[in-house]
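Reading through the structure tokens given below for one structure.
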Number of protein chains: 6
Amino acid sequence: MKVTVSRKAHFNAAHKLFRSDWSDEKNKKVFGKCANENYHGHNYELIVSLTGEIDKETGYVYDLGKLKNIIKAEVEEYLDHKNLNLDIDDFKTINPSAENIAILIYNRLITYFDESYDLKITLYETPRNFVEYSG
Amino acid sequence: MKVTVSRKAHFNAAHKLFRSDWSDEKNKKVFGKCANENYHGHNYELIVSLTGEIDKETGYVYDLGKLKNIIKAEVEEYLDHKNLNLDIDDFKTINPSAENIAILIYNRLITYFDESYDLKITLYETPRNFVEYSG
Amino acid sequence: MKVTVSRKAHFNAAHKLFRSDWSDEKNKKVFGKCANENYHGHNYELIVSLTGEIDKETGYVYDLGKLKNIIKAEVEEYLDHKNLNLDIDDFKTINPSAENIAILIYNRLITYFDESYDLKITLYETPRNFVEYSG
Amino acid sequence: MKVTVSRKAHFNAAHKLFRSDWSDEKNKKVFGKCANENYHGHNYELIVSLTGEIDKETGYVYDLGKLKNIIKAEVEEYLDHKNLNLDIDDFKTINPSAENIAILIYNRLITYFDESYDLKITLYETPRNFVEYSG
Amino acid sequence: MKVTVSRKAHFNAAHKLFRSDWSDEKNKKVFGKCANENYHGHNYELIVSLTGEIDKETGYVYDLGKLKNIIKAEVEEYLDHKNLNLDIDDFKTINPSAENIAILIYNRLITYFDESYDLKITLYETPRNFVEYSG
Amino acid sequence: MKVTVSRKAHFNAAHKLFRSDWSDEKNKKVFGKCANENYHGHNYELIVSLTGEIDKETGYVYDLGKLKNIIKAEVEEYLDHKNLNLDIDDFKTINPSAENIAILIYNRLITYFDESYDLKITLYETPRNFVEYSG
């Protein structure tokens with residue numbers, strides 16, 4: 001009897017998309033305005049979903065208060081009010097696209113949950129663009 | 001050619017999370033503020049989703065007007081403006097966690113649909129916490 | 001050059017609407033389901049708005065981080081996960097209607113702001129019902 | 001390492017649900033108000049989701065700017081501010097139910113993506129009714 | 001001690017904007033796609049707001065259950081699933097623009113409330129366009 | 001017979017809040033995380049509201065398609081995907097706080113409307129923080 005429980009969170013960050021081994025012209029062509037030199041930014045809205053069995057004693061799949069604290073420690077404190085390109089080591093070598101941020105968040109969170117849980121990350125870069133990753 | 005159709009609904013209810021066979025201290029430790037003695041409450045927002053084949057004659061997977069009425073009779077009239085712990089027999093022995101409420105709703109609705117349909121319940125306890133159950 | 005700044009917050013609480021000096025029948029007639037004996041509840045979504053002059057040094061009308069902390073101390077810690085009828089002294093003698101909760105919040109917050117500010121409270125009892133009060 | 005990327009769009013259209021080979025009475029019985037003779041309408045909100053591998057060079061599953069343009073050309077210019085029954089050939093013979101509109105959109109878009117992508121259409125007919133189709 | 005109470009509702013309708021005393025060319029120039037011959041449509045989302053004194057006995061400015069029923073009778077039953085141009089007499093001689101629909105709703109509702117109340121209509125034609133009217 | 005019409009728009013930008021004539025310590029104390037050196041960013045959601053008389057011929061207070069284009073030219077093309085501190089001259093000497101951005105937008109738009117219109121700017125910096133300015 002598997003149930004999925006989800007918790008929303010958010011963080012605000014600056015980023016740009018570009019490759020230093022490409023010309024400005026090619027960066028502009030591939031990434032458009034997202035390659036603008038001085039960065040832009042987003043309110044990232046995050047949904048963390050865990051699928052697992054209900055604990056008969058508590059009626060919980062996972063304590064969402066505990067999940068909230070894990071997200072706070074691993075995602076908000078790490079990414080909130082940061083420049084993803086300059087401040088986050090993970091994005092020194094790869095682009096902080098929404099896809100790659102979702103994978104980063106997944107990898108930081110997955111270590112907290114044993115194998116009986118499935119983890120899924122949904123990340124809204126804007127209210128109109130979002131990505132999902134589940135390992 | 002399977003399509004999923006979904007209908008939203010809502011109900012407002014009071015509840016608390018606790019076990020009578022645990023001490024107040026243990027209830028507080030496990031359930032936090034959700035164990036507060038005199039109950040708190042939520043606007044539960046519900047999404048009922050049915051997956052099935054399209055009826056060629058009507059273009060419908062299922063008549064959403066009919067689904068609206070089933071939800072009204074089985075969920076809204078049963079749970080709206082109720083105290084889930086005191087007024088709902090199903091929660092005499094198990095906790096009215098969002099997970100268990102979703103399962104209760106699933107079990108009340110599934111009897112209406114033949115085996116060709118898959119049913120999924122999504123239940124928002126708050127705009128930030130939600131659960132999904134599909135049997 | 002007056003600007004209005006607003007901050008959202010939320011709390012979850014149980015309540016019912018009734019008068020102990022009225023018969024059950026009259027309570028039912030006037031308050032409908034809201035008079036159900038064992039309480040129901042809501043996710044209250046709150047918007048606190050302050051109108052004032054911009055501080056030329058900071059570009060702020062009011063520090064929204066500071067406002068967030070005031071709301072946390074005066075509203076969330078006071079009302080969140082509570083039974084408004086049983087746990088909140090202010091509602092021993094008056095009904096915890098959305099109107100009266102908004103006035104209570106206004107009165108608790110107004111003491112923090114000098115006369116140069118106008119304060120407005122917007123309180124959503126459900127996503128479909130809300131009230132506004134500005135003193 | 002598959003990721004799903006999604007883009008939202010919208011269009012406004014008129015439609016009605018009825019079969020010309022049925023009596024008015026039968027249309028009314030099956031489709032209710034949706035069969036009203038002179039049409040009604042909706043703000044359709046659309047989510048187009050693509051699942052695929054991340055391109056290592058760009059960090060993209062698919063360029064959402066490119067996806068936005070495809071949706072504009074194939075969906076918005078085709079359906080926006082139209083009468084689905086009268087103006088859209090696809091609905092001369094089948095009903096413009098939300099289910100059938102979602103399939104139409106899927107079929108118009110799928111030709112743009114090679115087999116390594118999975119496409120999913122989510123279509124809100126109203127904020128309370130929506131359908132999903134993934135081929 | 002005035003408080004504003006608001007209730008949301010909705011209806012779905014078809015319309016077009018045009019003047020029969022103008023050429024097709026002029027209608028197209030002034031109203032753009034909104035003049036398309038065969039109509040388009042919207043999910044209109046409505047907020048009805050009443051400002052007045054709190055009744056000391058009930059804690060209500062106005063019973064929102066009663067307001068819900070008035071909106072149902074005067075707005076939903078009149079406009080829902082209708083073609084505003086063809087089915088609504090009020091729009092035989094004036095355009096069913098969002099502005100004019102808001103005024104129509106105001107005029108239908110104002111008769112229910114005595115002079116101690118102020119009425120305001122907010123009407124969303126789409127999630128991105130809305131109008132407000134208060135007499 | 002005045003009506004208010006509103007149009008939503010959005011732009012994504014990076015910014016930070018700080019004064020170069022203050023020490024890092026003072027900037028941190030006053031602006032908190034918003035002073036982080038390498039910028040952060042937001043999806044700014046904008047509502048532009050115009051109050052005026054209805055044109056009897058069209059039923060419009062103002063053509064929202066025209067308003068959309070003005071917002072695009074004056075706000076989106078000027079601020080979208082920019083670093084407000086580095087790329088926008090207006091913020092060389094004052095902080096790009098939400099308050100100051102709203103005033104900037106007001107000043108860029110007001111020149112388009114004659115004195116019979118009242119203009120109001122609502123700017124969401126995040127879904128939880130927003131400001132309003134009307135001259």
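I'd like to check something: does segment D:55-74 contain any residue that is among the acidic types (Asp, Glu) and touching a Gly at 6+ places or on another chain (Cβ under 9 Å)? Looking through segment D:55-74, at least one residue is among the acidic types (Asp, Glu) and touching a Gly at 6+ places or on another chain (Cβ under 9 Å).
When segment B:115-124 is filtered for residues that are open to solvent by 30 Å² or more (accessible area, probe 1.4 Å) and either at pLDDT below 95 or closer than 27 Å to A:ILE71 by Cα (or both), the ones remaining, listed by number, are B:LYS120, B:TYR124.
Hey, does segment B:27-40 have a residue that's assigned to a strand (DSSP E or B), at pLDDT 95 or above and closer than 26 Å to B:LYS8 by Cβ? Within segment B:27-40, one or more residues are assigned to a strand (DSSP E or B), at pLDDT 95 or above and closer than 26 Å to B:LYS8 by Cβ.
Evaluated against (1) under 27 Å from A:ALA13 (Cβ atoms); (2) open to solvent by 30 Å² or more (accessible area, probe 1.4 Å); (3) not acidic (Asp, Glu), F:LYS68 falls short on exactly one condition, (1). Taking (1) within 14 Å of chain B (Cβ to nearest Cβ); (2) within 13 Å of C:ILE121 (Cβ to Cβ); (3) open to solvent by 30 Å² or more (accessible area, probe 1.4 Å) in turn, C:GLU37 satisfies each apart from (2). For segment C:56-76, does any single residue satisfy the condition of being closer than 30 Å to B:LEU79 by Cβ and touching a residue at least 12 places away in the same chain (Cβ under 8 Å)? Scanning segment C:56-76 turns up at least one residue that is closer than 30 Å to B:LEU79 by Cβ and touching a residue at least 12 places away in the same chain (Cβ under 8 Å). Of all residues in segment C:86-135, those satisfying the criterion of being within 25 Å of E:THR122 (Cα to Cα) and among the small types (Gly, Ala, Ser) are C:SER97, C:ALA98, C:ALA102, C:SER134, C:GLY135.
Output the number of the condition that F:GLU53 fails; it satisfies all remaining conditions of (1) without any contact (Cβ under 8 Å) to a residue 60 or more places away in the chain; (2) under 30 Å from E:ARG19 (Cα atoms); (3) open to solvent by 60 Å² or more (accessible area, probe 1.4 Å). Just one mismatch for F:GLU53, condition (1). Could you please find all residues in segment A:1-26 being of a type in the set (S, T, N, Q), open to solvent by 10 Å² or more (accessible area, probe 1.4 Å) and either closer than 30 Å to B:LYS120 by Cα or not in a strand (DSSP E or B) (or both)? Result: A:THR4, A:SER20, A:SER23. Scanning segment D:83-135 for residues that are aromatic (Phe, Trp, Tyr) and touching a Phe, Trp or Tyr at 6+ places or on another chain (Cβ under 6 Å) yields D:TYR106, D:TYR124, D:PHE130, D:TYR133. One residue alone among C:ASN43, C:ASN83 is crowded, with 18+ Cβ neighbours inside 10 Å, under 12 Å from the mean Cα position of the chain (by Cα) and either of a type outside the set (A, V, I, L, M) or within 27 Å of B:HIS40 (Cα to Cα) (or both), and that residue is C:ASN43. Any residue in segment C:43-61 that is touching a helix residue (DSSP H, G or I) at 6+ places or on another chain (Cβ under 8 Å), within 14 Å of chain B (Cβ to nearest Cβ) and of a type outside the set (D, E, K, R)? Scanning segment C:43-61, I find at least one residue that is touching a helix residue (DSSP H, G or I) at 6+ places or on another chain (Cβ under 8 Å), within 14 Å of chain B (Cβ to nearest Cβ) and of a type outside the set (D, E, K, R), so the answer is yes.
Can you find a residue in segment C:93-114 that is of a type in the set (Val, Ile, Thr), open to solvent by 10 Å² or more (accessible area, probe 1.4 Å) and touching a residue at least 12 places away in the same chain (Cβ under 8 Å)? Within segment C:93-114, one or more residues are of a type in the set (Val, Ile, Thr), open to solvent by 10 Å² or more (accessible area, probe 1.4 Å) and touching a residue at least 12 places away in the same chain (Cβ under 8 Å).
The values are calculated or read from the model by the stated rules, or taken from the named source; none is laboratory data. Small disclaimer: the values here were computed from a predicted structure and weren't measured. Because the Cβ atoms are built from the backbone with ideal geometry, glycine has one as well, and the counts that use them run over all protein chains shown. Just so you know, the surface numbers come from the protein's heavy atoms only, side chains and all, with ligands and any DNA or RNA stripped out. Shrake-Rupley method; radii C 1.70, N 1.55, O 1.52, S 1.80 Å.
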